[in-house]
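Have a look at the structure below, then the notes.
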Amino acid sequence: MVRGFHVVISNYGFWLPNDPRGSWSDFVGKWELIRFGKATKIETRQSVAGANHNRNLRAMAKRRLAYPAVRLSGRQALAVGHGFARAQQEAGYLIYACAVLPEHSHLVIGETGRPINAVVGHLKGRATQSLVVEGMWPNAQQPMWGRGCWKVFLYSEDEMQRAIGYVEQNPQKEGKPRQTWSFLQPYVNI
């Protein structure tokens, strides 16, 4: 039985479908990116973010995107958190951990009965609205998010605890302070 999900929501341009470290994509949909290789679909659910790769090639591919890759400021990250809070309040999601980073966000979400992609779509939508309302997303043409999300289904108490710890510690890996959000629920094993 699924207890929850660890989701990674990428900002636009953060993780390309042909990233040399692998991706969850089956195809590259932009002609401008195909010259940098085919889709690099991987089946592992372990993070490949730290794998060795050609950083220059990845940077060159990002420069071919239709819009610049999205990198949030601290104030924009706070607005994204406000949007996540609104979605949580509207739907009653059990969110146990959240880290909003400059290029992506991590969340651990309890089982909701809804498809996790729909939950993530709701979170993204409210986060984008929050950015617009707070005057921090002036270009309506610029996409905010990458497509879909990376998700890991969590089946056990150990997996839930490990994912929560990983997300809570993630900002420190990027030299940022630990994050606390008012919409988080304490995780209790049921």
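Data for the structure
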quantity: Complete set of residues in region 155-175 that are more than 21 Å from A85 (Cα to Cα), of a type outside the set (K, R) and either surrounded by fewer than 16 Cβ atoms within 10 Å (Cβ to Cβ) or in contact with a helix residue (DSSP H, G or I) (Cβ under 6 Å, 6 or more places away or on another chain) (or both); calculated: Y155, S156, E157, D158, Q161, Q172, E174, G175
quantity: Cβ pairs under 6 Å, 6+ apart, first in region 71-89 and closer than 16 Å to Q179 by Cα, second surrounded by fewer than 21 Cβ atoms within 10 Å (Cβ to Cβ) and of a type in the set (G, A, S); calculated: none
quantity: Residues located in region 87-113, provided they are more than 17 Å from the chain's Cα centre (by Cα) and either among the acidic types (D, E) or over 22 Å from Q161 (Cα atoms) (or both); calculated: Q89, E90, A91, E111
quantity: Qualifying residue in region 31-51 (condition: under 17 Å from K151 (Cα atoms), part of a helix (DSSP H, G or I) and at pLDDT 65 or above); calculated: no
quantity: Pairs where the first residue, in region 94-105, is within 10 Å of N11 (Cα to Cα) and the second is among the hydroxyl-bearing types (S, T, Y) and surrounded by 24 or more Cβ atoms within 10 Å (Cβ to Cβ), C-beta under 6 Å, 6+ apart; calculated: none
quantity: Whichever residue in region 124-154 is loosely packed, with under 14 Cβ neighbours inside 10 Å and within 30 Å of M1 (Cα to Cα) and, among such residues, is farthest from the chain's Cα centre (by Cα); calculated: F153
quantity: Answer residue from region 165-190, given it is at pLDDT 95 or above and small (G, A, S) and is farthest from the chain's Cα centre (by Cα) among those; calculated: S182
quantity: Test for V188: is it surrounded by fewer than 19 Cβ atoms within 10 Å (Cβ to Cβ) and on the phi < 0 side of the Ramachandran plot; calculated: yes
quantity: Qualifying positions in region 137-154 - of a type outside the set (G, A, S) and within 29 Å of I164 (Cα to Cα); calculated: P143, M144, W145, R147, C149, W150, K151, V152, F153, L154
quantity: Boolean, R178 is out of contact with any Gly (no Cβ under 6 Å at 6 or more places or on another chain), in a helix (DSSP H, G or I) and either surrounded by fewer than 17 Cβ atoms within 10 Å (Cβ to Cβ) or among the β-branched types (V, I, T) (or both); calculated: no
quantity: Residue selected from region 5-22 under the condition in contact with a Pro (Cβ under 9 Å, 6 or more places away or on another chain) and modelled with pLDDT of 75 or more, by the criterion farthest from A66 (Cα to Cα); calculated: N11
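Let's see how each residue does on (1) touching a His at 6+ places or on another chain (Cβ under 7 Å); (2) closer than 10 Å to I9 by Cβ; (3) at pLDDT 95 or above; (4) of a type in the set (A, V, I, L, M, F, W, C):
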{"residue": "F84", "(1), (2), (3), (4)": "no, yes, yes, yes"}
{"residue": "Q88", "(1), (2), (3), (4)": "no, no, yes, no"}
{"residue": "A91", "(1), (2), (3), (4)": "yes, no, yes, yes"}
{"residue": "K124", "(1), (2), (3), (4)": "no, yes, yes, no"}
{"residue": "A127", "(1), (2), (3), (4)": "no, yes, yes, yes"}
{"residue": "Q142", "(1), (2), (3), (4)": "no, no, no, no"}
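The values are calculated or read from the model by the stated rules, or taken from the named source; none is laboratory data. Given the structure is predicted, the values throughout are model-derived calculations rather than measurements. Cβ atoms come from the backbone with ideal geometry, glycine included; neighbour counts cover every protein chain shown.
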